[in-house]
1. Taking LEU56 as meeting all but one of (1) under 18 Å from the mean Cα position of the chain (by Cα); (2) exposed (fewer than 15 other Cβ atoms within 10 Å of the Cβ), write down the number of the exception.
2. Does any residue of region 14-31 turn out to be modelled with pLDDT of 95 or more, crowded, with 20+ Cβ neighbours inside 10 Å, touching a helix residue (DSSP H, G or I) at 6+ places or on another chain (Cβ under 6 Å) and closer than 26 Å to SER67 by Cβ?
3. Looking at (1) surrounded by fewer than 16 Cβ atoms within 10 Å (Cβ to Cβ); (2) in contact with a His (Cβ under 7 Å, 6 or more places away or on another chain), which one does ALA201 not meet, given that it meets all the others?
4. Within region 42-58, how many residues are touching a helix residue (DSSP H, G or I) at 6+ places or on another chain (Cβ under 8 Å) and closer than 20 Å to GLU172 by Cβ?
5. Looking at (1) in contact with an Asp or Glu (Cβ under 8 Å, 6 or more places away or on another chain); (2) assigned to a helix (DSSP H, G or I), which one does GLU100 not meet, given that it meets all the others?
6. Please name all residue pairs, on different chains or six or more residues apart, with Cβ atoms under 9 Å, provided the first residue is in region 162-176 and is assigned by TED's automatic domain parsing to the domain that holds VAL96 and the second residue is among the acidic types (Asp, Glu).
7. Condition check: in contact (Cβ under 8 Å) with a residue 12 or more places away in the chain and under 17 Å from the mean Cα position of the chain (by Cα). Does ALA193 satisfy that?
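The values are calculated or read from the model by the stated rules, or taken from the named source; none is laboratory data. Note that this is a predicted model, so its numbers are computed, not measured. Glycine also receives a Cβ, built like all others from the backbone with ideal geometry; neighbour counts cover every protein chain displayed.
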Amino acid sequence: MATLRILSAGAAQAVMEQIIEAFERDTGNDVAAEFSAVGAMKARVVSGEAVDVVVLTRALIDELVASGHVDAASVRDLGKVGTGVAVRAGTPLPDVSSVEALRGNLLAASRIVFPDPAVATAGKVVMKLLEGLGVSGEVKDRLQVFPNGYAAMKWLAQSGGAMEIGMTQVSEILANKGVAYVGPFPDAFQMKATYTVAQAARAAAPDLARDFIGRLTAPAFKPRLQAAGYELN
């Protein structure tokens, strides 16, 4: 029995876990998967950490191809994911249908949670939104960042505070049943990231890696990607 090692963006966690469960059952092999912000995961790959499959944004996968850390021939896009707004499940849904409505609700929020912009794609998008709306200074003391969007949504789901808003990639919102998806960012501030899977150049289990990537990118799995918030080409 072998172990397939995976380093993945948190935005892909929900769909990856579906594949992992079936993969372990069908093959009898183990999977050791870790999920976090894309910047942190890229750094671990570059540092030489043992890994077989990598799932990050296309831009970072391309950088890993250029640096020789992933196999160029194995690269496959999963789909695009946008950034959106969430609240704790069961609480009123704020209006985010326009720039002014979103701005007003962010100013009224008691706390705004999102992934750390230092390492997470969604965190950078959120900061650009706050700056573009001209509210970054006014809400500064109410911002709370997390290592990734999945962690931010988990915190929001468990919090009991009023008027709390979370912002991260849609796939991380939909994956957490304790939060409710309110809607996407207005088009003027929307930035969709393409998520991509690839095999590590020095994969210890290349056959298992190819099998796993084949399952994740199979036509039969596309409806699950769409249900998880991915926009397919």
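1. All conditions are met except number (2).
2. The answer is yes; a qualifying residue exists.
3. Going through (1) surrounded by fewer than 16 Cβ atoms within 10 Å (Cβ to Cβ); (2) in contact with a His (Cβ under 7 Å, 6 or more places away or on another chain) one by one, ALA201 breaks only (1).
4. Residues of region 42-58 touching a helix residue (DSSP H, G or I) at 6+ places or on another chain (Cβ under 8 Å): 42, 45-46, 51-57.
Those left that are additionally closer than 20 Å to GLU172 by Cβ: 42, 53-57.
Selection size over region 42-58: 6.
5. That leaves (1) as the condition not met.
6. Pairs that qualify, where the first residue is assigned by TED's automatic domain parsing to the domain that holds VAL96 and the partner is among the acidic types (Asp, Glu), are ALA175/GLU17.
7. Numbers: in contact (Cβ under 8 Å) with a residue 12 or more places away in the chain: yes; under 17 Å from the mean Cα position of the chain (by Cα): yes.
Judged against the criteria, ALA193 is a match.
Conditions (1) modelled with pLDDT of 95 or more; (2) buried (at least 24 other Cβ atoms within 10 Å of the Cβ); (3) not assigned by TED's automatic domain parsing to the domain that holds GLY214, marked per residue:
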position: SER97; (1), (2), (3): no, no, yes
position: ALA120; (1), (2), (3): no, yes, yes
position: LEU129; (1), (2), (3): yes, yes, yes
position: ALA151; (1), (2), (3): no, no, yes
